[in-house]
């Protein structure tokens, strides 16, 4: 057994790496039009290869072996959006640079604004920037660089205002831009009730690591888009859980937040205030 392992362990590693690579490609391409093209192309190539082999079609076999480079280049062109999305997500990490208490404080203010928009049935679309820059999307709207507040969100998304029809990009604690246009998802969606805001949220989170929050204008329901997936009809607690899962570290418990908040209110510097290294 030991001799067999020493002889074949490299093959096992190769198979494992190939399996992980194929699975990750499948996860990135599934439910997209590109996936349908890839499946159709693979089936066509397999059928042609089998026919050429069984009937000993020398010319077709020669063409297939010499066209591998052309096929590979064609796949890169066809799957350019999916490849770009995959490469962008490989280097993603959390981007919020302010300390943990400020994250929680901002999150509560943001959730309060979303709930207010939901209660008043004012449609809204937020994109919360993380490690991948949304500069390209900012340039489609109006740069603001303003502190986020419930009043600002209600004003921007109030019907018939100049910026209400686009998305708001939040970077850190600030509203970086509003009235922005987000890429609409090309994914085949089973739920035909999803509107343009939801499709834009899915499209943005497919190509970046941003988190999108949507308030439906028709029903007032709240949805969250993460990694190209949409979570619909969320309650306040569910919305908080989704956002904390992404932006608040797992080790950040309620007691630590309360202690830090109490220290601030009493004018005593907490440990995190003296730590000059960002989270």
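Multiplying the residue separation of residue 136 and residue 162 by 0.36 nm and removing their Cα-Cα distance gives an extension gain of 7.3 nm.
Suppose the chain between residue 154 and residue 55 were pulled fully straight at 0.36 nm per residue; how much longer would it get relative to their current alpha carbon spacing?
Separation in residues times 0.36 nm, less the Cα-Cα distance, equals 28.7 nm.
Spacing of the modelled spin labels on residue 45 and residue 244, each 7 Å from Cα toward Cβ, amounts to 4.8 nm.
Here each label is just a point 7 Å from Cα along the line to Cβ, and for residue 235 and residue 17 those points are 4.8 nm apart.
The ranking of 143, 3 by Cβ neighbour count inside 10 Å, starting from the fewest, reads 3, 143. When 164, 198, 8 are sorted by how many other C-beta atoms sit within 10 angstrom of their C-beta, beginning with the fewest, the order is 8, 164, 198. Divided by 2.2 N^0.38 Å, where N counts the residues, the Cα radius of gyration of region 100-265 comes to 1.01. Once both labels are positioned 7 Å from their Cα atoms along Cα-to-Cβ, the gap between residue 173 and residue 10 label points is 5.6 nm.
Going by C-beta contacts inside 10 Å, put 106, 62 in order with the fewest on the left.
Values: 106 19, 62 11.
Starting with the residue having the fewest Cβ neighbours, the order is 62, 106.
Hydrodynamic estimate: the Kirkwood radius of region 155-205 over Cα pairs, inserted into Stokes-Einstein at 20 °C and 1.002 mPa s, corresponds to D of 178 µm²/s.
Computed from the coordinates by the stated procedures, all read-outs in this text should not be read as laboratory data. As the structure is a computational prediction, the values presented were derived from the model and not from experiment. Counting neighbours? That spans all protein chains shown, and the Cβs are built from the backbone with ideal geometry, glycine included.
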